[in-house]
Number of protein chains: 2
Amino acid sequence: MSNITLKVEGMSCGHCVSAVEGAVGKLGASAKVDLAGKSVAIEYDESKTSVASLKEAIEDQGYDVV
Amino acid sequence: MSNITLKVEGMSCGHCVSAVEGAVGKLGASAKVDLAGKSVAIEYDESKTSVASLKEAIEDQGYDVV
């Protein structure tokens, strides 16, 4: 398993947390959102997904990965 | 039909808009959220629901009606 922490702009509430964690979860990875820190810590399996795919999943929810 | 505008704290994003408008809609009323104005304009039928019920529905979504 690999770990990465992405900086993500625009997450403001519990619904945003669910949206981001859910989208990452669909890729078989697990995410933990830090609203105050504007970041998402992700643990993922490199054989199943990629950082590019994880970023895309978050951006598809309407947030900016910076 | 009656109209009321409630001041509501804690709505921060599009998910919050959907949550509030959806909760009010379940009472047969229609709501329009103004995120920047921290308010919810509601049109409702007094024979079907009440201001107290509308406030409760919004609070049940995790927001403070002030």
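The values are calculated or read from the model by the stated rules, or taken from the named source; none is laboratory data. These figures come from a predicted structure and were not determined experimentally. Glycine also receives a Cβ, built like all others from the backbone with ideal geometry; neighbour counts cover every protein chain displayed. When the accessible area is computed, the model is the full protein with side chains, heavy atoms only, and any ligands, DNA or RNA have been set aside. Shrake-Rupley method; radii C 1.70, N 1.55, O 1.52, S 1.80 Å.
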Does a label point 7 Å from the Cα of A:S18, set along Cα-to-beta-carbon, have any residues of segment B:25-66 with amide nitrogen under 17 Å, and which are they? B:25-26, B:57-64
Using a 1.4 Å probe on the protein heavy atoms only, what accessible surface does A:T49 show? Give it in Å² to the nearest 10. 20 Å²
Using Cα centres only, tell me the gap between segment A:12-66 and segment B:25-66 in whole Å. 31 Å
Computed on alpha carbon atoms, what radius of gyration and Dmax characterise the protein assembly as shown, expressed in Å? 18.3, 59
Scoring chain B by relative contact order with C-alpha pairs under 8 Å, at least six apart, yields a percentage of 44 percent
Helix A:51-60: angle to the longest alpha-carbon principal axis of chain A, degrees 0 to 90, nearest 10? 30 degrees
Dipole magnitude of the protein assembly as shown about its Cα centre (Cβ charges: Lys, Arg +1; Asp, Glu -1), debye to nearest 20: 40 debye
List, largest first, the extents of the alpha carbons of segment A:11-65 along their principal axes, each in whole Å. 31, 17, 16
For chain A, the longest principal axis of the Cα atoms and the Cα long axis of helix A:14-25 enclose an angle in degrees, to the nearest 10, of 10 degrees
I need the calculated FRET efficiency for the pair B:V66 and B:E43, taking r as the beta carbon distance and R₀ as 22 Å, to the nearest 0.05. 0.60
Hey, which aspartates and glutamates would be in cross-link range of A:K26, C-alpha to C-alpha under 17 Å, not counting anything within fewer than 8 residues on its own chain? A:E43, A:D45, A:E46, A:E56, A:E59, A:D60
Restricting to lysines and to Cα separations under 17 Å from B:K7, and discarding same-chain partners fewer than 8 apart, the set is B:K32, B:K38, B:K55
Before rounding to the nearest 500, sum -39500 (n - 2.57) across all DSSP H runs of length at least 4 in the protein assembly as shown and divide by the residue total; then give [θ] at 222 nm in deg cm²/dmol. -10000 deg cm²/dmol
